[in-house]
1. Residue check: is VAL191 closer than 23 Å to CYS28 by Cα, buried (at least 20 other Cβ atoms within 10 Å of the Cβ) and at pLDDT 85 or above?
2. Only one of (1) touching a residue at least 60 places away in the same chain (Cβ under 8 Å); (2) in a helix (DSSP H, G or I) fails for ILE243. Which number is that?
3. Condition test on SER121, is it more than 26 Å from ALA298 (Cβ to Cβ) and either small (Gly, Ala, Ser) or open to solvent by less than 20 Å² (accessible area, probe 1.4 Å) (or both)?
4. Of the residues PHE284, PHE375, PHE301, PHE379, only one is at pLDDT 90 or above and over 28 Å from GLU22 (Cα atoms); which?
5. How many residues does segment 322-333 hold that are modelled with pLDDT under 95 and either surrounded by 17 or more Cβ atoms within 10 Å (Cβ to Cβ) or of a type in the set (D, E, K, R) (or both)?
6. Restricting to segment 102-118, name every residue that is touching a residue at least 40 places away in the same chain (Cβ under 8 Å), open to solvent by less than 40 Å² (accessible area, probe 1.4 Å) and in a loop (DSSP other than H, G, I, E, B).
7. Look at SER302 and say whether it is in contact (Cβ under 8 Å) with a residue 12 or more places away in the chain, open to solvent by less than 10 Å² (accessible area, probe 1.4 Å) and of a type in the set (Gly, Ala, Ser).
8. What number of residues within segment 341-356 are in contact with a His (Cβ under 8 Å, 6 or more places away or on another chain) and more than 14 Å from GLU18 (Cα to Cα)?
Amino acid sequence: MNAQIIDPLQGDFPEVIEEYLEHGCMKCIAFNRRGTLLAVGCNDGSCVIWDFETRGIAKELRDNDCSSPITSVCWSKCGNRILVSAADKSLSLWDVMSDKRITRIVLQQTPLHARLHPGSSKPSVCLACPLSCAPMIVDLNTGNTTSLKVSVLEISNNGATPASRNKCADGITSFSPTAACFSKNGNLVYVGNSKGEILIINYIDNEVRAMVPIPGGSVVKNIVFSRNGQYLLTNSNDRIIRIYENLLPLKDEVRALDDLNESLNDLDGVEKLKAVGSKCLILFRELQDLITKVHWKAPCFSGDGEWVVGGSASKGEHKIYIWDRVGRLVKILEGPKEAIIDLAWHPVRPIVVSVSLNGIVYIWAKDYTENWSAFAPDFKELEENEEYVEREDEFDLIPETEKVKESDVNEDDEVDIVTVEKDPGFSDSDMSEEELCFLPATPTCDAPEQMDKFIESSSKLVDSNNSGSPLSEEAGPNEHTMNPNSSPLEDDAWGTRTKRKRKPSEKVLELQAEKLKKPSKSSKPSKFKTKSLVDEDGSNGFYGDELSDE
């Protein structure tokens, strides 16, 4: 699709199912940063990498030590490595180009999500969110884990400590699944806990720097940053998707937090954390379905942060809701009657990829309407016929209007044809020369049966070339005898073997039988007669030596 003939007033969000991918039972998906490769985790423990441009499988990463379903996949910043978490409590880091597993770490709990550090091209740490314990920072080199804090003990004025939702009656901590994510540059970790709070943690010293209470205090199921780091999305158990605006600078955010803490020294404890949090995040929008009150599955931002997408968590339906950033519902995509288990928006293009409960990946794309008037800016499309009255000077050789017009273009300005325009979807810090965008295609060998058929057919061709026929022997005086060592292609150059597999007609067979019975006749007339009869039958240039081959 040419960008010039696309109507720019159309919304940049998908509308219909363009294609689907099928390979075993797929569970989770993740795009690389350019959107050229799609990593898919399967139910058999393998990770399949699809070339999203050709929609073909480019590589398959299979671990012999893992046969459990994959729970999440994550690309590194430059796309050279992939982190895979599985239901057998393992984390596996792969080198994409060499198909080699770099490391494998087994945790105490099953990791539901695992994310590599976004600030490094070859990250050595990752953030894992296990099933029933606190999120943790995992050192991929040593295997050491550091559990992050998921709550702040609030001390009341009388000194009593209220009961925590994260503790059972016996005092043992029992965590519900907790969501967490890195900031854009990976300096901070944002944790959403079961008490309806967003904790901003410096993972290096594991200290809570700020806290933002969520209205309603429901359990946070998902927490995601937009690609540019300006907005934060939370999905709570109260069936509301909330969007927060990030007030911290994208660079030196740790220093900005320290400055806020120093400026609020008159406060202490939880009040200070809440005061700092109010200057870090501010509630921007709340998204929900007021009619059906559905739970949401895998909500996320579009590549440019202008759209928000969320899948319905209801069983038996494949509905995808799309809102603009203002909070207006613009589209509801309805697919097959299969529940959604994962969702991802393409980093650059208006494409959404969803995974159904049956393990099929659906690709939703925009149904473009071509605008052919883009080729002629002065051309106006008409809905119906209109009466046109021409100007008085319209058909003059030099109209008066053109005499008055003056060119606004300065012809002396130099035109820059060297500088490459940067993609607005990527910032300067995101550009990297070592980034892996495509994988080389690996040629596949033919099946053994096809090879045997090819060898058999080629041997038949050689035998037919070497076999002598009466007509070919008679061609000696006319110097048309073929060289036994010549190839079929060389024979084709003489126009004698254009269609080798065509069968001769009955008249030709009868003539050939009579010729064999009467060998005393001259060869020249027989050849001339045979050739003429073949031409009459429409054999497209078959000669007598072909008939002997059959």
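1. yes
2. (2)
3. Spelling it out, SER121 is indeed more than 26 Å from ALA298 (Cβ to Cβ) and either small (Gly, Ala, Ser) or open to solvent by less than 20 Å² (accessible area, probe 1.4 Å) (or both).
4. PHE284
5. Adding up the residues that qualify gives 4.
6. Result: HIS117, single match.
7. So SER302 fits the description; yes.
8. Looking only at that region, the number is 1.
The values are calculated or read from the model by the stated rules, or taken from the named source; none is laboratory data. Not measured: the values here are computed from a predicted model. Glycine also receives a Cβ, built like all others from the backbone with ideal geometry; neighbour counts cover every protein chain displayed. Note: areas computed on protein heavy atoms with side chains; ligands, DNA, RNA excluded. Shrake-Rupley method; radii C 1.70, N 1.55, O 1.52, S 1.80 Å.
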